[in-house]
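Down below is the structure, laid out as structure tokens.
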Amino acid sequence: MKKGFTLIEIIVVLVILTSLTLIVVPTVKTIINNSKAKSHDLVVITIEDAAKAYFYENFSIYESDLLTNSYVDITIDVLKYNDYLDSNCIDPITEEPFEGFVRITKPSGAYEYEFIPN
């Protein structure tokens with residue numbers, strides 16, 4: 001009696017593995033992309049919170065700008081330099097450092113903070 005696998009058995013195994021790969025790989029990619037998008041959103045919230053803290057602690061510097069221009073822009077570099085953000089704040093989607101600024105406005109009595117990427 002010969003030992004080994006027949007050609008049919010090998011083909012069946014390859015078909016099963018190919019089918020599993022076609023199902024699993026896109027699902028895993030979707031999960032990874034969704035988690036990167038959620039991480040990106042959380043980092044943006046962290047950047048906006050850092051700008052909020054910096055703005056409140058340095059309000060006297062920006063008060064006249066806010067009255068004159070109706071907005072104030074605080075760059076990520078300013079937040080990093082003043083230790084409000086970690087120096088290696090990386091965008092999980094692009095895997096590049098975040099660049100941009102937080103625009104602070106006061107349209108209806110409350111301050112609003114919006115991250116605007118470069």
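The values are calculated or read from the model by the stated rules, or taken from the named source; none is laboratory data. None of these values were measured; they are calculated from a predicted model. Counting neighbours? That spans all protein chains shown, and the Cβs are built from the backbone with ideal geometry, glycine included.
Considered as a group, the residues in the range 68-118 that are in a loop (DSSP other than H, G, I, E, B) and polar (S, T, N, Q) include one that is modelled with the highest pLDDT, and that residue is 82. Checking the condition more than 26 Å from the chain's Cα centre (by Cα) and over 28 Å from residue 94 (Cα atoms), which residue from 68, 21 passes? Step by step, each of 68, 21 is checked, and only 68 is more than 26 Å from the chain's Cα centre (by Cα) and over 28 Å from residue 94 (Cα atoms). Candidates in the range 41-54 are the residues that are farther than 13 Å from residue 100 by Cβ and β-branched (Val, Ile, Thr); of these, the one that is surrounded by the fewest Cβ atoms within 10 Å (Cβ to Cβ) is 45.
The set of residues in the range 47-67 that are of a type outside the set (A, V, I, L, M, F, W, C) and either farther than 25 Å from residue 35 by Cα or modelled with pLDDT under 95 (or both) comprises 52, 54, 56, 57, 58, 60, 62, 63, 64, 65.
A count restricted to the range 56-104 and to residues that are more than 14 Å from residue 117 (Cβ to Cβ), surrounded by 14 or more Cβ atoms within 10 Å (Cβ to Cβ) and among the charged types (D, E, K, R) stands at 1.
Inside the range 8-40, residues that are of a type in the set (D, E, K, R) and surrounded by 12 or more Cβ atoms within 10 Å (Cβ to Cβ) make up a count of 1.
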